[in-house]
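Reviewing the structure listed below.
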Amino acid sequence: MEMDARKRPKITWTASQKQRLALSCSIFELFYGGARFGGKSDYLLADFLDGIEYGSNHKGILFRRTYPELEELIFRSQQIYRPLGADYLETKRQWVFPSGSLLKMRFLEQDKDVHRYQGHQYTWVGFDELTNWPTSYPYTYMFSCARSPQGLPVRVRASGNPGSVGHAWVKGRFIDSAKPFQIYQDSETGLARVFIPSTLDDNDYAKNDPGYEGRLKALPPYLYRAHRFGDWDVFVGQVFNFQQLHHVVKPLPIPDWATIYMTFDWGFGAPFSTGWWWCDSDGRLYRFSEWYGWTGEVNKGLRLTDTEIAQGIKDREACLGLTGKTITRIAGPDCFQKRPNYQGGGQGPSTADIWKEQGLVLYPGDASRIHKIRQFHERLRIPEDGKSAPMMQIYDTCSQFLRTIPNLVVDPSNPEDLDTKGEDHIYDEACHILMWRAMSQQQETKMIKSAPKDVTEVAHLELKKIKQDLLDQQEAQEEAWL
């Protein structure tokens with residue numbers, strides 16, 4: 001079914017060496033990206049062209065998250081496709097090539113929007129800037145639309161940079177599963193995928209803007225690494241300055257005198273999160289164990305009942321040697337709300353009620369988003385002396401904390417908070433202990449010591465008020481519960 005070379009359209013765009021490598025790959029699923037100015041969008045637009053010789057049997061669809069982003073992609077596609085004789089039907093937002101091949105240009109803002117394409121079939125599916133989607137659902141859902149009754153090659157292609165709200169699941173799917181250029185075979189689906197990194201050095205067109213490298217160097221070092229080299233461990237929009245060197249430790253024996261805490265964030269359809277902590281004589285918190293209730297797919301919970309979770313916690317505490325020890329258990333306010341009784345109607349017992357029957361007493365935590373993110377930042381703050389450790393330490397066995405917390409991103413509409421569309425269940429859970437043991441006035445004074453003199457007094461009064469509010473709330477909660 002090869003087209004006669006004389007009938008092939010004249011190609012006016014030239015691929016770089018790295019783009020040619022990706023274009024020659026026949027693997028079903030390919031992710032191309034990493035750094036800024038790496039030629040990612042051009043690669044996607046060019047990859048669809050491999051198959052236009054099949055005529056109307058070759059049909060594709062290319063997604064961006066929002067319409068403004070799609071407009072930018074459409075503009076670039078006009079520069080590449082019009083010289084090939086393709087026509088752009090603006091009302092339908094689709095390209096039609098002389099051979100009859102068709103490429104739809106679409107935006108997909110909400111996960112549920114992907115259901116519009118149920119029953120569609122495409123030989124080529126593309127996602128530009130894949131990390132802009134909070135979950136993998138739209139991406140993997142479109143696998144069901146990737147098919148060809150004529151038996152033509154079918155493939156899914158995506159591009160993206162480190163960062164944004166979908167950083168965690170994209171990194172887990174493509175970056176952590178295998179080394180670059182190494183084909184990964186999914187044991188469950190049998191499908192193959194591969195990651196091909198691209199950087200500024202891989203884009204021949206970057207030579208036309210030699211000053212871009214210098215403009216990147218003007219950024220903070222961690223942003224420079226993300227933009228310039230596609231470093232997936234640091235990225236634009238990252239909420240917390242979490243560093244393995246300073247915040248992660250090998251498991252330590254828990255002292256007999258140490259106070260032990262358990263924190264819990266409820267979840268059913270979404271994951272629940274449980275963390276165990278101990279506190280040293282300096283008030284430093286150590287997360288020594290965890291139980292994350294997920295299926296292995298981002299934001300998919302185990303759907304366990306409160307009784308099943310309570311039993312699972314007791315079983316795990318037995319394995320940890322915690323049975324019989326005094327443990328202060330703190331959970332979110334939703335654990336104290338009555339839940340619908342689906343069997344008899346009316347209101348049923350809360351999670352706290354059910355757990356109390358199982359011998360696990362819960363205290364309500366403080367869910368203040370403004371205060372808890374401040375406490376999280378302060379706990380992670382690396383001391384200026386370079387000798388003492390930050391006030392929160394994580395055992396290297398707590399893999400889910402280490403997977404999710406560094407990948408949280410800033411809320412684009414509120415720079416003082418994180419984007420709740422991300423996988424923030426462990427963050428919410430961990431904040432219960434941070435609010436319960438809010439940083440002391442002495443530690444807060446250290447935090448503002450380096451502030452300009454004109455704001456130090458204001459900051460001091462604000463922090464003092466926050467501390468007092470937290471203490472008052474804690475005392476009221478304890479008294480109400482007892």
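Annotations for the structure displayed:
- Across region 244-439, the mean sequence separation of Cα contacts (distance under 8 Å, 6 or more residues apart), normalised by length, yields a relative contact order of 27 percent.
- Region 266-389 - charge dipole about Cα centre, Lys and Arg +1 at Cβ, Asp and Glu -1, debye rounded to 20: 160 debye
- Each of the peptides 134-143, 73-82 was scored by the mean count of other Cβ atoms within 10 Å over its residues; in descending order, highest first, they stand as 134-143, 73-82.
- Taking the average, over residues, of other Cβ atoms within 10 Å as the packing measure, peptides 165-175, 360-370 rank 165-175, 360-370 from highest down.
- Where chymotrypsin sites (Phe, Trp or Tyr not before Pro) fall in DSSP loop in region 278-363, at most 14 other Cβ within 10 Å: Y342
- Too-long pairs where the Cα-Cα distance tops 25 Å, listed order kept, from K40/K104; K112/K300; K250/K325; K92/K300; K179/K387: K92/K300; K179/K387
- Were the residues from E71 through S56 laid out at 0.36 nm apart, the gain over their Cα-Cα distance would be 2.9 nm.
- Rg and Dmax over the alpha-carbon atoms of region 271-355 stand at 15.1, 51 Å.
- Residues E29, E71 arranged by fewest to most Cβ contacts within 10 Å: E71, E29
- For region 244-439, the residue among P255, V298, S399 whose Cα projects farthest onto the positive side of the dipole built from Cβ charges is P255.
- Sequence-distant residues sharing a close amide H with I330 (under 5 Å, placed H): M262, T263, F264, Y363
- Cα-based radius of gyration of region 5-229 once divided by 2.2 N^0.38 Å, which approximates compact folds: 1.00
FYI, it's all coordinate maths here, none of it is from the lab. Bear in mind that the values here come from a model prediction, so they are computed numbers and not experimental data. With ideal geometry, Cβ positions are generated from the backbone for all residues, glycine too; neighbour counts draw on all protein chains shown.
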